[in-house]
Every structure is written in structure tokens, then in C-alpha cells.
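*Asks:* Next up is a structure, given as C-alpha cells.
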Amino acid sequence: MILYPAIDIRGGGAVRLTQGDYERETPYDADPVDAAKRWAGEGARYLHVVDLDGAKAGSPQNLDVIERIAAAVPCPIQVGGGLRDSRAVKQALDAGAERVVLGTAALRDPEFLDAMLASHGDRVVVSVDARDGRVALEGWTEAGKEGAVEVVEALSNRGVVRFLCTAIEVDGTMEGPATDQLTEIANATEAQVIASGGVGELAHLTSLSSNTPANVEGAIVGRALYERKFTVSQAIAALS
């Protein structure tokens, strides 16, 4: 499994939110490029970058930071946050993203998703973020009515080949991933699934590697790395 160190950008800095709550923010690096260099220097094969300002605004707000991150590290990055039209997607790719992560727009606008899949194929990741098993929208600020499992199954049939699945209840808590929900989602698709939320110790990564379906290809880790609960290299070893 692949480790994806997370870099969440808000107000120009690297931060982490607890359970997607913008009022529960912990600041870390004043310059997100410093975090990117640190994770890459420790052996990260991929980075996960989120424009939190963009997610809230509905359009990219930190393209300059994303461009600097992409230029500063040898590993590829995937970028999400506010990518709700073709122009925004192109801007993220032009800034250096290898993959784009689509959330609300992919779930609400089938024509947009189909166009992005036709244009960019496996460079498109669809984010399905769930609270109590239901999909959350608009940067996690709006509760949806559809079940995450059903949404993943339907989008798989439309040609999505990679999902990012976050259990909002545990995101940023370091109390452990929502393995049962992740397993249910992964069993509903043949696409690759990236797990996100709740990792706080190496045992959590070992459990993800050992106790989830084979199509769970990786795990996103944020707060635990920033607070040095373990290193990137230790996390990579736990996932392998």
C-alpha cells in the first residue's frame, strides 16, 4: 500500500482540521512547501494536497502554493479542493498535479465528471467523504442523503477507477480508521480505493494493510506525521 502524506493548505499555511471542522484547526508549517520537502525527504512516493480555502470557496485559492510544492519535490502529487469545473481542473494540472481529486462537482454534475474522465482518465480521483455512512458535500459543510457505498458503486459503473474515501467522524482524531466502512466501500467496486481518516499509530496502518480488501491501494496520513507519532519511512514499512 502507498502512503500519502497529507498537506492541507489554509491561509497559505499547512494545517489540519478535526472532523472537517474549519473551527477546529491546528496550524503546523507556515509554508506548506516545508512539509512537502520533509515528507519527500523521508521517502514519500506520493503526496496528497488539499486546498481547504478552495474547498470552501468552490474554486482554487492556493494554486501558487501547489505550483511551488510540485516544483520542490521529486514525487508526484494529487490535488483537491474547489475543482468544480474544467477550468479549475486544468489549472491544478498546469500547476503540477499528477492527479486531481474531484468531490462535490463529481457527485452533483454527471456531465462534468464524464467530461473529466474522458479528458484525463486515471488522473481523476473521486472523493467520497462520509459522515455516518452518508456522503458529505461542499467541503464537508453540507450533509448529503446518499449512502457512500451506493455512490461508489454507481460511479464505478460510470468509469471512475480511483476513489478517495474519508470517514469524517475519525478524520484528524488519530483514534483509528473506520475499517468496517472502508471494507464495505471497497467491496462495492473494482476501482482502487485510498483510505483517509483516523490514523494515529503504526498499528492502524498495519491493520489497514492486513485487514482490508486488495483494492485498498493506500492510506492518507496527516496529523500523526506532523506530530511525529511516527516517520514516513516507518509508515511505509507498516503498510508493506
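*Asks:* Given the criteria touching a residue at least 12 places away in the same chain (Cβ under 8 Å), closer than 21 Å to residue 56 by Cβ and out of contact with any Cys (no Cβ under 8 Å at 6 or more places or on another chain), does residue 163 qualify?
*Replies:* On the way: touching a residue at least 12 places away in the same chain (Cβ under 8 Å): yes; closer than 21 Å to residue 56 by Cβ: no; out of contact with any Cys (no Cβ under 8 Å at 6 or more places or on another chain): yes.
Answer is no for this residue.
*Asks:* Additional query: Residue 167 versus (1) closer than 17 Å to residue 2 by Cβ; (2) buried (at least 22 other Cβ atoms within 10 Å of the Cβ): which is the lone unmet condition?
*Replies:* Status for residue 167: all satisfied but (1).
*Asks:* Among the residues of region 61-78, is any out of contact with any Lys or Arg (no Cβ under 7 Å at 6 or more places or on another chain), modelled with pLDDT under 95 and farther than 13 Å from residue 8 by Cα?
*Replies:* There is no residue in region 61-78 that is out of contact with any Lys or Arg (no Cβ under 7 Å at 6 or more places or on another chain), modelled with pLDDT under 95 and farther than 13 Å from residue 8 by Cα.
*Asks:* Condition first: open to solvent by 40 Å² or more (accessible area, probe 1.4 Å) and assigned to a helix (DSSP H, G or I). Can you find one or more residues in region 6-15 that meet it?
*Replies:* No, because not a single residue in region 6-15 is open to solvent by 40 Å² or more (accessible area, probe 1.4 Å) and assigned to a helix (DSSP H, G or I).
*Asks:* Also: Across region 78-89, what is the number of residues that are touching a helix residue (DSSP H, G or I) at 6+ places or on another chain (Cβ under 9 Å) and farther than 21 Å from residue 17 by Cα?
*Replies:* Residues of region 78-89 that are touching a helix residue (DSSP H, G or I) at 6+ places or on another chain (Cβ under 9 Å), as a first pass: 78-86, 88-89.
From what's left, farther than 21 Å from residue 17 by Cα: 84-86, 88-89.
Result for region 78-89: 5.
*Asks:* Are there strands (runs of 3 or more DSSP E) fully within region 23-132 with at least 2 residues that are open to solvent by 10 Å² or more (accessible area, probe 1.4 Å), under 22 Å from residue 2 (Cα atoms) and in contact (Cβ under 8 Å) with a residue 60 or more places away in the chain? List them.
*Replies:* Correct list: 99-102.
*Asks:* How about region 91-112: which of its residues are closer than 20 Å to residue 46 by Cα and of a type in the set (D, E, K, R)?
*Replies:* 94, 98, 99
*Asks:* Scan 190, 184, 201 and give me the residue that is in contact (Cβ under 8 Å) with a residue 24 or more places away in the chain, in contact with a helix residue (DSSP H, G or I) (Cβ under 9 Å, 6 or more places away or on another chain) and either under 22 Å from residue 38 (Cα atoms) or buried (at least 21 other Cβ atoms within 10 Å of the Cβ) (or both). Can you show your working first?
*Replies:* Numbers: 190 fails: either under 22 Å from residue 38 (Cα atoms) or buried (at least 21 other Cβ atoms within 10 Å of the Cβ) (or both); 184 fails: either under 22 Å from residue 38 (Cα atoms) or buried (at least 21 other Cβ atoms within 10 Å of the Cβ) (or both).
From the options 190, 184, 201, the qualifying one is 201.
*Asks:* Next question. Please find, within region 144-160, the residue that is nearest to residue 4 (Cα to Cα) out of those that are surrounded by fewer than 20 Cβ atoms within 10 Å (Cβ to Cβ) and in contact (Cβ under 8 Å) with a residue 40 or more places away in the chain.
*Replies:* 159
*Asks:* Tell me yes or no: at least one residue of region 221-238 is buried (at least 23 other Cβ atoms within 10 Å of the Cβ) and touching a Cys at 6+ places or on another chain (Cβ under 7 Å).
*Replies:* Taking region 221-238 first, the residues buried (at least 23 other Cβ atoms within 10 Å of the Cβ) are 221-222, 225, 235.
Then keep just the ones that are touching a Cys at 6+ places or on another chain (Cβ under 7 Å); that gives none.
Scanning region 221-238 turns up no residue that is buried (at least 23 other Cβ atoms within 10 Å of the Cβ) and touching a Cys at 6+ places or on another chain (Cβ under 7 Å).
The values are calculated or read from the model by the stated rules, or taken from the named source; none is laboratory data. None of these values were measured; they are calculated from a predicted model. Backbone-built Cβ (ideal geometry, glycine too); neighbour counts: all protein chains shown. Calculation scope for accessible area: heavy atoms of the full protein, side chains included, ligands and nucleic acids excluded. Shrake-Rupley method; radii C 1.70, N 1.55, O 1.52, S 1.80 Å.
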